[in-house]
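This report refers to the structure that appears directly beneath it.
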Amino acid sequence: MKISLVFSKTDPASRSMRGALAESGLNGGVLGGFTLEVVELDRELVYAQAEDLPEAYCYVFLSRHVGNRSCFTLHSTGNPGDEAKLGGSPRTLGVAAPLLSHALLKALTHSSPLPVVYEATHHGPTDIGRPCIFTEIGVSQADWTSADYARHVVRSLMRALTEYDPPTGRAACCFGGPHYASRFTEYALTQGYCVGHIISKHAIRPGDTWLVEAAVRRSEPQPTYALIDWDGLRGEQRRTVIEGVEALGLSVVKL
């Protein structure tokens with residue numbers, strides 16, 4: 001199975017992680033059951049296009065995180081709303097990779113120097129056509145250029161791939177709650193769910209059935225469970241989500 005590790009020359013955290021990868025001696029080749037290829041882009045990763053990338057099963061984008069807390073984050077790509085300010089297309093989700101995402105989450109939390117959290121699905125690229133994961137370091141220049149943080153991400157990536165053994169039949173999509181999805185993160189770690197798309201409460205409009213369906217369909221593998229932050233949604237939002245996922249045959253898990 002071929003995985004492309006995608007770096008940006010314009011991103012300080014991405015450059016740090018690229019340096020840590022080179023320092024490790026891993027610049028492609030075989031790791032565990034995976035064949036790795038290293039890709040360096042001259043543009044911001046959120047604006048990557050399919051023609052920028054080689055053929056692969058999955059793309060892991062290594063990037064800086066911009067926000068309000070220092071942490072390592074993981075998330076799927078997509079624009080649930082009507083705008084696409086940071087790459088991709090409006091009202092379009094990229095393809096999630098729940099199994100590899102779960103392996104990376106577990107590896108990142110092992111002896112981590114920073115908190116590790118899933119973020120809700122956001123920004124581009126959305127049109128690659130293959131599973132994509134963003135793995136990020138945030139939030140300051142000091143974080144982005146930290147050799148220790150970059151090495152931790154690279155070690156975690158190597159650990160995730162060499163020890164890759166995700167739970168079977170546990171792929172899930174998530175709905176509700178805030179952008180920093182700490183509740184879904186903890187539940188995934190303790191209960192063994194492999195999380196793909198996370199659609200936050202701010203992105204769900206009553207009657208948005210296309211978004212519910214996209215969170216299910218745009219995932220490889222497709223989820224069999226829908227995790228719902230019950231108190232993190234209003235009544236009309238819950239009805240939209242539950243009706244949508246049950247129509248697609250998913251089992252609902254209320255958090």
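Here are some notes:
- Within the range 140-155, residues that are at negative phi have Cβ atoms under 7 Å from residues that are part of a loop (DSSP other than H, G, I, E, B) and surrounded by 13 or more Cβ atoms within 10 Å (Cβ to Cβ) in these pairs: S140/S70; D143/S70; Y149/L114; H152/S112, counting only partners at least 6 apart in sequence or on another chain.
- Listed by first and then second residue, the pairs with beta-carbon distance under 9 Å, at least 6 apart or on different chains, first residue in the range 163-182 and not assigned by TED's automatic domain parsing to the domain that holds Y118, second among the β-branched types (V, I, T) and exposed (fewer than 14 other Cβ atoms within 10 Å of the Cβ), form an empty list.
- Selection within the range 150-168 - modelled with pLDDT of 95 or more, of a type in the set (S, T, Y) and surrounded by fewer than 23 Cβ atoms within 10 Å (Cβ to Cβ): T162, Y164
- Some residue of the range 146-159 being outside the structural domain of T10 (by TED's automatic domain parsing), part of a helix (DSSP H, G or I) and among the polar types (S, T, N, Q): no
- Here is the figure for the range 68-96: residues that are touching a Leu at 6+ places or on another chain (Cβ under 7 Å) and more than 20 Å from W210 (Cβ to Cβ) total 4.
- Unmet criterion (only one of (1) touching a helix residue (DSSP H, G or I) at 6+ places or on another chain (Cβ under 8 Å); (2) part of a helix (DSSP H, G or I)) for L99: (1)
- Some residue of the range 65-75 being more than 24 Å from R205 (Cα to Cα), among the aliphatic types (A, V, I, L, M), in contact (Cβ under 8 Å) with a residue 60 or more places away in the chain and touching a Gly at 6+ places or on another chain (Cβ under 8 Å): yes
- Count of residues meeting criterion [among the acidic types (D, E) and surrounded by 21 or more Cβ atoms within 10 Å (Cβ to Cβ)] in the range 228-254: 1
- Any chance H122 is modelled with pLDDT of 95 or more, out of contact with any Phe, Trp or Tyr (no Cβ under 7 Å at 6 or more places or on another chain) and in a loop (DSSP other than H, G, I, E, B): yes
- Within the range 193-223, tally of residues that are free of Cβ contacts under 8 Å to residues at least 60 places away in the same chain and small (G, A, S): 1
- Index of the failed condition, E40 passing every other in (1) under 30 Å from R91 (Cβ atoms); (2) in contact with a strand residue (DSSP E or B) (Cβ under 8 Å, 6 or more places away or on another chain): (1)
- All positions within the range 17-52 that are in contact (Cβ under 8 Å) with a residue 24 or more places away in the chain, assigned to a helix (DSSP H, G or I) and surrounded by 15 or more Cβ atoms within 10 Å (Cβ to Cβ): M17, R18, G19, A20, L21, L45, V46, Y47
The values are calculated or read from the model by the stated rules, or taken from the named source; none is laboratory data. Nothing here was measured: the structure is a model prediction, and the numbers come from that model. Virtual Cβ from ideal backbone geometry, glycine too; neighbours counted across all protein chains shown.
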